[in-house]
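What follows is calculated from the coordinates using simple rules that are stated; it is not laboratory data. Just so you know, these numbers come straight off a predicted model, no measurement behind them. Every residue, glycine among them, receives a Cβ derived from its backbone with ideal geometry; neighbour counts consider all protein chains shown.
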Amino acid sequence: MQLVGGVAALGLSALLVALPASAEKAWVRGEVRLNLRSGPGNQYRIMKVIKTGDSMQILRRGEGWTMVRTPAGEEGWIPGGYLDPQPPPTVRLEELEVEVANLRDALERTEAEASSLRRSSEEIAANDSEQKTEIERLTKENYRLHAGERWAEWITGALVLSTGMVLGALMNRISSRRHRQRLRL
């Protein structure tokens, strides 16, 4: 039983913590100064004066009155109809100026990165050109070593063979003349 009560208490506390996070945000509109009151009516005590453009969290809506929370965490009631879901132009202008500054910073970082990538690409292209030249040179050298210069070996072999044949023929003639002379005698 205590476990169920503990779980229920935990769920309720989580719900209470989540409620302010889901509260609607609004801004005071028009050229007015609103009194933040302790209750929903003019008879309640004024806690603070709220100006145009101040942001609020809407906690609850009542008949003609809205319960709000200020950015400082103060809760109170203001007359209904003075809140706008869109920020006033001055607040939007400030937000847009911050966004423009952030975008300019991002653009500068992007341009610097693009410049760096261009330099890197140029270096790679130059290196690529050098490597292509080296590959062509090595390919020619490989061809020359494996096929192109074998002709010298073939010619040398042919010369050795033909020299041997000529010497053999000469030797054969010389030796056959000596045999004929012996027979004639």
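A few comments on the model shown:
- Using θ = phi - 60° in the Karplus curve 6.51 cos²θ - 1.76 cosθ + 1.60, the 3J(HN,Hα) couplings for the stretch 89-101 round to x, 5, 5, 4, 4, 4, 4, 5, 5, 5, 5, 5, 4 Hz; x is entered for Gly and Pro.
- Residues whose amide H lies under 5 Å from that of Met47, counting only those 5 or more places away or on a different chain, are Leu36, Arg37, Ser38; hydrogens are built 1.01 Å from N in the peptide plane.
- Neighbourhood net charge (15 Å Cβ-Cβ; Lys/Arg +1, Asp/Glu -1) for Leu36: +4
- Charge dipole (the stretch 17-86, unit charges on Cβ, about Cα centre) - positive-most of Pro71, Tyr44, Val32: Tyr44
- Taking 0.36 nm per residue of sequence separation and removing the Cα-Cα distance, the Tyr44/Thr70 pair yields an extension gain of 7.6 nm.
- Label-point gap, in nm, between Leu145 and Ser55 - each point 7 angstrom along Cα→Cβ: 7.3
- In terms of surrounding Cβ atoms within a 10 Å radius of their Cβ, Glu153, Glu31 rank from fewest to most as Glu31, Glu153.
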